[in-house]
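Enquirer: Mind looking over this structure? Questions follow.
The values are calculated or read from the model by the stated rules, or taken from the named source; none is laboratory data. Values in this document were obtained by computation on a predicted structure and should not be read as measured data. For neighbour counting, all protein chains shown are included, and Cβ atoms are generated from backbone atoms with ideal geometry for every residue, glycine included. What goes into the accessible areas is simple: the full protein's heavy atoms, side chains included, and nothing from ligands, DNA or RNA. Shrake-Rupley method; radii C 1.70, N 1.55, O 1.52, S 1.80 Å.
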Amino acid sequence: MKPPIISIAGKSNAGKTTFVVKLITELTQRGYRIGSVKHTHHDIDLDQKGKDSWRHKQAGAKTTLLVTDQHIAMVKDDPRPDIEKMQSYLSDMDLILAEGFKRQPLPKIEIFRMDGPHDHPLFLDHPDLIALVTDTTLTPSVPVFGLNDIGSMATFVQKRYLNHP
């Protein structure tokens, strides 16, 4: 069974990372295995030039796995769509929280702050919006949560996506 994915969306500096960290903490304390994914527009290279794993990739390895007693890191060529990659690599999770991915067809929780750098939410009337986290008086057709209302948001996510009371 593929874990559900929820996109935590919003404009730059809206507080997405702070919110995701708090929600992961709360859901983990409730006993759930939470995977997280951060979208970036920048190309990244986790391998260091000249290191053995880098040399393996340069020689043609399609996947290189770095393994320690407690962690793994993988560098893998994978052209599949983002959603397929998330659900494949995090298949052992109960839920995936994806920060960003605003263009993907995923359920979205938007973070919008009154004192933020933008004057309106991105997804107020979008069909993918499932909740709005804000300090404004906006009243969209989806549930609204305060910026620090993590317990209620976790309960909302739990009931809707984790099938537990």
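Enquirer: Nothing charged except the Cβ atoms of Lys and Arg (+1) and of Asp and Glu (-1): what's the magnitude of the dipole of segment 68-116 about its Cα centre? Round to the nearest 20 debye. Display every interim value, and only then the final one.
Expert: Values: 7 positive and 10 negative charges, 57 e Å.
Charge dipole of segment 68-116: 280 debye, to the nearest 20.
Enquirer: Can you give the local net charge around ILE96? Use residues other than it whose beta-carbon is closer than 13 angstrom to its beta-carbon, Lys and Arg +1, Asp and Glu -1. Numbers along the way, then the final one.
Expert: Working: positive: LYS2, ARG33, LYS38, LYS85; negative: ASP82, GLU84, ASP92, ASP94, GLU99.
With Lys, Arg at +1 and Asp, Glu at -1, the net is -1.
Enquirer: Continuing with this model, one more query. What angle, in degrees between 0 and 90 and rounded to the nearest 10, separates the Cα long axis of helix 16-29 from the longest principal axis of the Cα atoms of the chain?
Expert: 90
Enquirer: Quick one: accessible surface of VAL37, probe radius 1.4 Å, all protein chains present, in square angstrom to the nearest 10.
Expert: Spelled out: VAL37, probe radius 1.4 Å, area about 30 Å².
Enquirer: Using the structure shown, select from LYS2/LYS102; LYS57/LYS102; LYS11/LYS38 the pairs with a Cα to Cα distance greater than 26 angstrom. Walk me through the numbers before you get to the answer.
Expert: Values: LYS2/LYS102 20 Å; LYS57/LYS102 31 Å; LYS11/LYS38 14 Å.
Table pairs above 26 Å Cα-Cα are LYS57/LYS102.
Enquirer: Enumerate the amide H contacts of PHE145 below 5 Å, restricted to partners 5 or more residues apart or on another chain; note that Pro and chain-start residues carry no placed amide H.
Expert: Correct list: LEU132, VAL133, THR134.
Enquirer: Using Cα positions and a limit of under 17 Å, work out the lysines in reach of LYS51, with same-chain residues fewer than 8 apart set aside.
Expert: LYS62, LYS76
Enquirer: Around ALA14, with a cut-off of 9 angstrom between Cβ atoms, what is the net charge of the other residues, counting Lys and Arg +1 and Asp and Glu -1?
Expert: On the way: positive: LYS11, LYS16, ARG113; negative: GLU110.
Charge balance in the 9 Å sphere: +2.
Enquirer: What is the helix-to-structure angle for 150-161, meaning the angle in degrees between its Cα long axis and the longest Cα principal axis of the chain, kept from 0 to 90 and rounded to the nearest 10?
Expert: Here the helix axis deviates by roughly 70 degrees.
Enquirer: Follow-up. With every protein chain left in place, what is the accessible area per residue of the chain in square angstrom, probe 1.4 Å? Walk me through the intermediate numbers first.
Expert: Details: 10210 Å² over 165 residues.
Accessible surface, normalised per residue, equals 62 Å².
Enquirer: Could you grab the relative contact order for segment 107-165? Cα pairs under 8 Å, six or more apart, rounded to a whole percent. Walk me through the numbers before you get to the answer.
Expert: Details: 66 pairs, mean separation 16.0, N = 59.
Across segment 107-165, relative contact order equals 27 percent.
Enquirer: Here's something else I'd like to know. Accessible area of the chain with a 1.4 Å probe: how many percent of it is carbon plus sulfur? Walk me through the numbers before you get to the answer.
Expert: Working: 5260 of 10210 Å².
The C+S portion of the solvent-accessible surface of the chain is 52 percent.
Enquirer: Then there's this: Taking segment 9-118, which trypsin sites (Lys or Arg not before Pro) meet the DSSP loop condition and have no more than 16 other C-beta atoms within 10 Å?
Expert: Those satisfying the criteria are ARG30, ARG33, LYS49, LYS51, LYS62, ARG103.
Enquirer: Moving on. Can you work out ³J(HN,Hα) from phi for every residue in segment 137-143, in order, using Karplus 6.51 cos²θ - 1.76 cosθ + 1.60 and θ = phi - 60°, giving whole Hz and x for Gly and Pro?
Expert: Result, ordered by residue: 9, 4, 10, x, 7, 10, x Hz.
Enquirer: How high is the relative contact order of segment 13-139, in percent, counting Cα pairs under 8 Å that sit 6 or more residues apart? Before the final figure, lay out the partial values.
Expert: Working: 126 pairs, mean separation 37.0, N = 127.
Relative CO of segment 13-139 lands at 29 percent.
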